[in-house]
C-alpha cells in the first residue's frame, strides 16, 4: 500500500515537471516587449485605464468639468470645416470623418481652424453618451433677439434688417463619444481624451504642425528649406511670407506664381507655384552658380503630407547645378538663316608681307634692280 502511494506521488510529480517544462519558453525565444508592438502614437497617447468601469458622472462633477474646459485655448491638430458639426471622436482616438474628407470639406466651405491654429472652446454640453464641444463660436448661425421681432400695423408688417455677414457661422463642433454613458472624469483626463484633435500644452503653431509631418519635411522646415511639392502654407512655415511675388505664363501658356526671397548681393531663392504646389525651386548663389530642383519630394493629398516616391535619378535631378556664364551661347553674326559659311572665315593661312623696294646704291642689283630699256620706235621719213 505504501509503495503504491509513493509510486503515484512520484508519477504525479514527474507529470507536473514535464508540463511545466513544456509551458516555459525556450531561452532563444524572447517575448518582444509591449513597446515594440505599439506604434509611437499609441505610446505617446496612453488610454485612460478602467474607463468603462467607472460610475456615471453626477451633477457636481458635470459642473466642475464644464468650468475646467469651457473657454480654454488650444492648438488644433486637425482641420475643422466651418459650420460642420458631425465630427466624432472615440475614447480610443478614432476620428470620423477621416483627414482627407475634412480637408475636402474645408476647401469647399472654408476652414474654421487649420492644423496648428489657435482655437477656443466656446461651448460644452454633456449628454447621455457623449460630450459636445464647440470651437470658435460653433457651427450655428448667430442672430440677435430683435431680429425675430416683427411689428404690424395699417401699413403692413415690418421687421428689422438682418446683417448677412453676422448670420454666417464662424466655428465648428466635435462630439466625444463613449460606449455606454459618460463616466466620472476630471479636467486633465478630458484633455487627454481630446489630445488627438486638440493640443492644450503651451506650444506654438509651428511646433504643433511639425508633429503631423514626416521627419524629412520636419527637418526641412526647421532649416528654412523648401521642398518641391510643398503647398503655400508649408512654404510660409519654412520661409515666412514672400517680400515679392510675380505672376506670369511659361512658354506652354501655363500660369504660375513665383515667390522671391532675398536681394543681391545675397543668395536669391525663386519658388514657383502652379496652383497650390511647388514645382520648381531655384537658388542663385553669390558665387554665380545656380541650383535648380524640379524633382518632386513631398506629396500633399487632401491635407495629408507624405514623402514622394523616390526614383533612381532623384538625387541627380533634384540638385542640378548649372554654372552661370556671362558669355553668349552663340557668337553674334550678320548671316541670314540658312546662308552658307564664308570660306574666308575658316582660312587661317597668313600671307607674308609684301617687300617694298629699297632705295640705295644704284650699282647694287638687290637694292636697285636694273631698269629695262624700251627701244624707241622708228618714225617713217616724211614724204
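Among 278, 151, 304, sorting on how many other beta-carbon atoms sit within 10 Å of each Cβ, with the fewest leading, yields 151, 304, 278. Between residue 248 and residue 64, the contour length at 0.36 nm per residue exceeds the alpha carbon distance by 60.4 nm. Here r is the Cβ-Cβ distance between residue 285 and residue 186 and R0 is 56 Å; the resulting FRET efficiency, rounded to 0.05, is 0.45.
Straightening the chain between residue 91 and residue 212 buys 41.5 nm, computed as 0.36 nm per residue apart minus the Cα-Cα spacing. Overall, the anisotropy analysis places the range 213-323 in the rounded class: the square-rooted eigenvalues a ≥ b ≥ c of its C-alpha gyration tensor yield a/c less than 1.5.
Remark: 103, 232 ranked as 232, 103, counting other beta-carbon atoms within 10 Å and listing the fewest first. As a proxy for reagent exposure, ranking 286, 115 by other Cβ atoms within 10 Å from fewest up yields 286, 115.
Computed from the coordinates by the stated procedures, all read-outs in this text should not be read as laboratory data. Everything numeric in this text was worked out from a predicted model, so none of it was measured. Cβ atoms come from the backbone with ideal geometry, glycine included; neighbour counts cover every protein chain shown.
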